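Working notes, structure below.
The values are calculated or read from the model by the stated rules, or taken from the named source; none is laboratory data. Remember, it's a predicted structure, so these values are computed and weren't measured experimentally. Note that we place each Cβ from the backbone using ideal geometry, even for glycine, and neighbour counts take in every protein chain shown. These accessible areas exclude ligands, DNA and RNA; they are computed on the full protein's heavy atoms, side chains included. Shrake-Rupley method; radii C 1.70, N 1.55, O 1.52, S 1.80 Å.
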Amino acid sequence: MKYAAIQNYINGQFVPASSTKTLPVISPIDGSQLSVVPLSTAKDLDAAVRAATAAFQIWSRKPIKERVQVFFRYKFLLEKNMDELARLVQEENGKTYSEAVAEVEKSIELTEFGCSLPQRVTCAVLEVSRGVECRTEHVPLGGVASIVPFNFPSMVPNWTLPNAIALGNCMIMKPSEKVPLSTAKLALLLKEAGLPDGVFNIVNGDSEIVNAICDHPGIEAVSFVGSTKVAKIVYQRATAQFKRALALGGAKNHLMVLPDAKPDMTAQNVAASMSGCAGQRCMAASAMLAVGEVDHIIKKICEEARKIVPGENLGAVISKESKDRIEAYITEAEQQGAKILVDGRNSIVEGKENGTYVGPTVIDFVTPDMSVAKEEIFGPVISIMRTNTVDEALAIENANTYGNAASVFTQNGGMARYIIDRASAGMIGVNVGVPVPREPFSFGGWNESKFGVGDITGKSSIEFWTKLKKSTTKWNPEAGVNWMS
Ligand code: NAD
């Protein structure tokens with residue numbers, strides 16, 4: 001084992017879990033064991049909630065300008081530790097080093113936004129009648145939880161932790177049991193940045209901890225990022241306990257390619273979107289709607305895909321189970337009559353035979369009823385469906401149950417606007433393969449890609465992590481007595 005056994009992080013200390021049950025942490029790059037992660041119990045969660053609740057009494061009373069100083073230092077520490085953070089992400093998640101660096105850079109951008117919060121949460125004051133003032137303030141909630149997936153071990157934790165904590169909350173994070181190493185490192189950096197003990201805590205484990213988070217009366221709000229199946233469970237369970245909840249789920253993102261699209265730019269963007277992070281991005285292109293005569297572009301997409309080589313510029317998928325699942329989807333599509341133009345099955349990287357790699361895969365002549373057209377594959381696979389018109393393409397996009405992202409490739413601005421208006425997704429790209437809104441714009445999908453109101457990052461997160469206090473004050477006797485006295 002390359003690293004010591006993972007522990008929970010409670011009240012500023014790494015502590016063992018109360019259970020001795022563990023799971024191995026395996027590197028998808030070569031199948032080697034990196035560590036073990038404890039399967040904590042409700043007792044461990046309770047200790048973390050007690051630490052967060054006690055810390056909240058002090059942390060929430062500090063002015064926000066003082067609280068964000070920690071995040072200015074944390075941003076500097078993310079930069080200083082870039083190489084170590086990126087290597088941890090690479091080892092435990094399997095993505096390439098340059099993708100891991102990009103992920104940490106995104107964590108830095110998220111932290112910059114957190115540092116800007118004092119400029120964004122200024123309260124509103126208005127003299128509503130002579131001598132009477134109404135005022136609103138954003139007040140933190142208390143102990144809050146953030147449950148995160150495996151695919152972005154650094155970025156997704158940083159979607160929630162800088163904003164929630166800068167706004168005065170104390171957090172319990174539940175990392176994915178597949179990638180717990182990065183979050184532990186973030187805790188160390190937060191401590192070094194001067195975050196008081198108890199403000200940020202980590203409880204490792206599986207569904208038992210997620211359920212305990214939803215049920216615990218000391219947790220006021222739950223944010224979740226992961227698959228739609230679990231997002232639904234978490235949203236229902238947390239709101240049944242009258243908690244605030246925001247649960248982001250899976251995706252099936254459609255790219256529409258029109259005949260007037262720039263061939264080279266389109267091919268490069270489509271190939272990068274479907275294969276980046278081994279296709280394990282909730283913003284990845286997964287289905288392509290080829291409108292009209294675009295064979296010349298499909299040919300170029302295949303050429304670009306062939307330049308993407310597992311173990312070189314393509315990382316591994318998270319597990320053997322995942323590799324088998326992705327390859328089974330490809331085989332099923334082939335058996336149902338689709339044509340495999342580029343086949344990434346049975347990829348083996350020399351010297352890393354136990355790594356779990358799937359090569360880029362382009363499947364043509366997919367029909368909307370096939371599983372590869374409807375379900376989230378979460379691998380470097382794109383399924384091409386042919387349509388005659390934009391409206392036919394939109395009908396397929398609109399019928400899918402998810403709604404994270406959609407993109408169109410065209411040189412026609414009017415047509416792009418037509419598609420922006422009609423696509424049923426929260427984030428739309430024009431000639432952009434991965435239309436992630438960057439800070440200060442907020443991130444969040446529609447339909448079965450998100451449950452709850454608002455988005456998880458950007459300005460929208462202020463509403464999620466705070467409640468409004470409205471005060472009405474009268475100091476001037478001239479105000480007299482009126483109907484609201
Ligand atoms: P997952 O749903 O399996 O796991 C997410 C978290 O839930 C983990 O911490 C896990 O321990 C926990 N969990 C798993 N099963 C559970 C259960 N039955 N009950 C309670 N908790 C459970 O997701 P994953 O495989 O880690 O991540 C990949 C998924 O996340 C994909 O579907 C991807 O699209 C999605 N994702 C979505 C976004 C978004 O912004 N919408 C971002 C990143 C990832």
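Using the Cβ-Cβ distance between D295 and N211 with R0 set to 35 Å, the FRET efficiency from 1/(1 + (r/R0)^6) comes to roughly 0.10. Using R0 = 56 Å, the C-beta based FRET efficiency linking Q241 and M265 works out to 0.70. Across the chain, Cα pairs under 8 Å and at least six residues apart give a relative contact order of 18 percent.
Name the chymotrypsin sites (Phe, Trp or Tyr not before Pro) in the range 188-281 that are in a loop by DSSP and that have at most 13 other C-beta atoms within 10 Å, would you?
Values: sites: F200, F224, Y235, F242; in loops: F242.
Sparse-neighbourhood loop chymotrypsin sites (Phe, Trp or Tyr not before Pro): F242.
Here the chain is treated with +1 on each Lys and Arg Cβ and -1 on each Asp and Glu Cβ, and its dipole about the Cα centre works out to around 1560 debye. Eigen-decomposition of the gyration tensor built on the alpha-carbon atoms of the chain gives equivalent ellipsoid semi-axes of 41, 29, 19 angstrom, largest listed first. Pairs of Lys residues in the range 253-430 that lie 8 or more places apart, or on two chains, and have C-alpha atoms under 30 angstrom apart add up to 26. Could you give the longest part of the chain that holds none of the GluC sites (Glu not before Pro) found in DSSP loops with at most 14 neighbouring Cβ atoms within 10 Å? It runs 1-292.
Here the label points at C123 and E463, each 7 Å from Cα along the C-beta direction, are separated by 2.1 nm in the simple model.
If you average over every viewing direction, what projected area does the convex hull of the Cα atoms of the range 1-119 give, in nm²?
Values: hull surface 35.0 nm².
Approximately 8.7 nm², given one-decimal rounding.
For the range 368-485, how big is the tail of P(r) above 23 Å, as a whole percent of Cα pairs?
Working: 3303 of 6903 pairs.
The proportion of pairs with Cα distances above 23 Å equals 48 percent.
Overall shape of the range 253-430 was characterised from the C-alpha gyration tensor. The equivalent ellipsoid obtained from it has semi-axes of 27, 16, 15 Å, in decreasing order.
Applying Stokes-Einstein at 37 °C and 0.692 mPa s to the Kirkwood radius of the range 302-390, computed over alpha-carbon pairs, gives a translational diffusion coefficient of 244 µm² s⁻¹. Extending 7 Å from the Cα toward the beta-carbon at both S98 and E392 defines two label points whose distance is 3.7 nm. For S319 and N476, the FRET efficiency from 1/(1 + (r/R0)^6), where r spans their Cβ atoms and R0 equals 60 Å, is about 0.35.
Contact order normalised by length for the range 253-430, with contacts defined as Cα pairs under 8 Å and 6 or more residues apart; what percent is it?
On the way: 345 pairs, mean separation 51.9, N = 178.
Reported relative contact order: 29 percent.
The convex hull drawn around the Cα atoms of the range 139-253, when projected onto a plane and averaged over every direction, covers 7.1 nm².
The share of accessible area on the chain that comes from carbon and sulfur is 54 percent, using a 1.4 angstrom probe.
Accessible area per residue for the chain is 41 Å², calculated with a 1.4 Å probe on protein heavy atoms, without ligands, DNA or RNA. The distance separating the Cα centre of the range 362-423 from that of the range 138-175 comes to 33 Å. The label-point distance for R135 and Q335, in a model that sets each label 7 Å from Cα toward Cβ, rounds to 6.9 nm.
As an exercise, identify the trypsin sites (Lys or Arg not before Pro) in the range 108-142 lying in DSSP coil whose Cβ has no more than 16 other Cβ atoms within 10 Å.
Numbers: sites: R120, R130, R135; in loops: R130.
Sparse-neighbourhood loop trypsin sites (Lys or Arg not before Pro): R130.
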